Amino acid sequence: MLGPLTAPAVALLQRISMPVKMLVMAAVVVLPLLAVAWLLALDHWRDAQQAREARAGLQAARALLVLGERLQTWRDLTDYALNSGNDALKQRREAARAPLRQALAEADSALAGHPHWNVEGAWLPLRQAIDKSAAAGDDNPPVQHADTTQHLARLHRLIGLVADFSQLELDADPVVSHQARMALSVLPAVREVSSMLRGRGPAQLAHPDAMTDSVILSNVVRLAGTTDQITALLPALQERLDALQRRGETVPPQWGAFRSSTDELIRATDAHLRTAAMTIDAADYFKLADAAVAAQTALMNELLQRAEARLTARSTQREVMIGAIAAVCAVVLLLLAYGMAAFYRATVGGLTHLNQAIDRAAEGDLTGDAVLPGRDEMADMSQRLRNMLAHLSELVADVRSAAAVLGHVGLQLVEDSQQLAERTQSQAASLEQTTSNVRQVADTVQANAAGADDIRRLTAQLNAETERANELMQHTVGGLGSLQATSQRMTEIIGTIDGIAFQTNILALNAAVEAARAGEAGRGFAVVASEVRRLAQRSQEAANEVRQLIDESAQRVQVTVSEIHTVSEAMAALVRGIRDIAARIGEMAEASRQQSTALAEVVAAVGDLDKVTYENSAMVERTTHRANRLMQRTHELDEAVRHMKLRQGTADEAYQLVKKAVAHIQAVGYERAKEDFQNTHGPFVDRDLYIFVLDRAGTYHVMGLDRNKVGTRVHDAPGIDAERFMEDAWHRADQGGGWIEYNIINPVTGQVRAKSSYVEPLSQDLLIGCGAYRSALTATPGSASVD
């Protein structure tokens, strides 16, 4: 029942060698193990990365808290000193400028190393404002106090942003989370209230009219009311402390001093300021508040130190766990390799003996003995092989006898086949050339036939257009004849009008004569006759002008008609010529079509002959294709063993080591990382892989394999073209990183070896790299960039 199911796997196993089978079985065990180890290591690495990020946020927040404490001291001294006029306090205020600027620079440096927090928009304006406040003089204390208080509020919000972006208050360790919230959220609020009491309280107490001015008394009582904020925050601190104790943390030593000094400040404020009694000295109250602020600051620092210690320990622990996972994987792989080696020797030994017997049989010696000791499958196989060789010897004897007879015939057949192949190849070449020529002629004739058809269609269209143009021309000539007849008719009408005007003029003249004869009675009729005569003369003159115009138009029409007749005759001749051309082009197209058909039949016939030659050539192509597939199979076999651990480093491992080194520099700093790189037993020296750091002059700043070479130059190394190496290395580094290849003498073996090194820039003047040895380059010794 299992036969059909296992048939594909059995067929596959029968096609691969024993070492590959063993590697496959090892991969079934190793790959899940490596996957689990990778997931565990990745989880520990992420936790370590989170711890490092939280520690960086804690350090930045501590720098901002120190800045806040210095800024509070500056504000309180400004308020107290400038309102009281005490010269000693003014000197103390001037002395506080330098620590404030120092704390500002330290905070700027702490935030500059972490641009991914995106706090520049909040920090840079605040830094400028604080720097401006630190340079302020003695004028307008209330404005300075208000500005500084606003700066402190913005600074506390910035601390919250840093804690948020670094995930400090949301750390996976609840102890760190509680400590961070106490030191960064609650205690800064308590210290701000205490600082306000330290500055405003003594300033009000030291005022000369403190006991009589109602405004001052009201401000003092309002200021004393801010202790309620401290009282409200103390239970939250106590709850956090209790939570830490429940998780095994001890009470911080500074907690007692913090509670005693803070409670003392609250009691003094309630007793002397809230009641407006004003019975405490300003200097004493300042010292009391200053002690409370100092105790609060000390508690903050202690909590932050404890949190930082836990984060550092956690990061180190995770790195140790990653190393332990890698070590366990290495041990398991070694044990597996040992088991595979033992199984290989136990199994392949018998197979080697059998293979030797088979090889001797393949060489023609069928008398060999292949019996193996034991009773396992291998011994049974050897006995069967012995029997097979005996029967094969008998069979080969018969075959050799028949082969002697067939050999001669086969030799002749081979010679004939070779001659036929040569003639066929020659014929195929000639036929291919003939086919190509005939096909070109057929294509040319077909193209000519197609062109003739196109010309015939175009000529037919041109003939049709010419016929229509001739018809339009005839119609135009007919219209012009009607226009000429109309002009003649108008001339006749004008002649009639001219005759009527002449007769009217004669009648008007006769009427004037008769009116003259009538005397006085015909005077009016004479006037009318005179007007009629003038109208007749004017009509005659107009008729003469119209006659002249009509005569001119008639002449022009006559000329136009003559010209159009000439054009019409030319158009008719053109139509006859185009009709004749169309007929002849049609005859040419028909002849070309017949030639194309005949040549197509010739091409088809020649193509049938060429098909056989094509099939013969396709056989060579199939053989080449199969050879290519064989190469692909070989490549797949090579890929199957790439997961094996090698004795020397490889280029991909060198690349990963450089990336790891750059990350280590970012985590611990360059100076600390240099020592780790040069530790031959550390994580940055792996077999023949090591980290090196060079400057632009070629001087080694780090040489992981040999600390004594630090300070030497690349030019001192034998077997390397130093100038070419430095040019290529810095060319790749200036582009952001890349590979270079060069020849160098291996310091361990003393042989000239090639190296492929990956380099990256560390700064404008330093680069970091790691290289893997290969076989020596066959090109000119030196180095070469690899794109």
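The values are calculated or read from the model by the stated rules, or taken from the named source; none is laboratory data. Remember, it's a predicted structure, so these values are computed and weren't measured experimentally. Using ideal geometry, Cβ is built from the backbone for each residue, glycine included, and neighbour counts are taken over all protein chains shown.
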If I filter the stretch 169-184 down to residues being of a type in the set (A, V, I, L, M, F, W, C) and closer than 17 Å to Q49 by Cα, which single residue comes out as farthest from the chain's Cα centre (by Cα)? V176
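Residues are listed down the side, and each one gets a yes or a no for (1) assigned by TED's automatic domain parsing to the domain that holds T312; (2) over 30 Å from R306 (Cα atoms); (3) at pLDDT 90 or above; (4) not small (G, A, S):
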position	(1), (2), (3), (4)
L5	no, yes, no, yes
A11	no, yes, no, no
M18	no, yes, no, yes
A26	no, yes, no, no
Q49	yes, no, no, yes
L65	yes, no, yes, yes
Could you say which residue among A35, A27, A41 is buried (at least 17 other Cβ atoms within 10 Å of the Cβ) and either part of a helix (DSSP H, G or I) or over 29 Å from the mean Cα position of the chain (by Cα) (or both)? A41
Can you confirm whether the stretch 299-317 contains a residue that is modelled with pLDDT of 90 or more, in the same structural domain as A172 (by TED's automatic domain parsing) and touching a Ser or Thr at 6+ places or on another chain (Cβ under 8 Å)? no
Residue set L155, L168, L161; condition under 30 Å from G248 (Cβ atoms) and either in contact with a strand residue (DSSP E or B) (Cβ under 6 Å, 6 or more places away or on another chain) or in contact (Cβ under 8 Å) with a residue 40 or more places away in the chain (or both); output residue L168
A515 modelled with pLDDT of 70 or more and surrounded by 15 or more Cβ atoms within 10 Å (Cβ to Cβ): yes
Single unsatisfied condition, I280 versus (1) in the same structural domain as D171 (by TED's automatic domain parsing); (2) in a helix (DSSP H, G or I); (3) of a type outside the set (F, W, Y): (2)
For residues in the stretch 119-140 being in a helix (DSSP H, G or I) and not hydrophobic (A, V, I, L, M, F, W, C), which is farthest from the chain's Cα centre (by Cα)? S133
In the stretch 757-766, residues that are in a strand (DSSP E or B) and either surrounded by fewer than 21 Cβ atoms within 10 Å (Cβ to Cβ) or among the aromatic types (F, W, Y) (or both) total 4
Looking at the stretch 144-168 only, could you name the residues that are over 34 Å from the mean Cα position of the chain (by Cα) and not aliphatic (A, V, I, L, M)? Q144, H145, D147, T148, T149, Q150, H151, R154, H156, R157
Among (1) assigned to a helix (DSSP H, G or I); (2) loosely packed, with under 15 Cβ neighbours inside 10 Å; (3) at pLDDT below 90; (4) not aromatic (F, W, Y), the one test that K287 misses: (3)
Just checking, how many residues over the stretch 707-749 are under 32 Å from the mean Cα position of the chain (by Cα) and either loosely packed, with under 14 Cβ neighbours inside 10 Å or aromatic (F, W, Y) (or both)? 8
Pairs under 6 Å by beta carbon, first residue charged (D, E, K, R) in the stretch 759-770, partner assigned to a strand (DSSP E or B), six or more apart or different chains? E760/I768; D765/D695
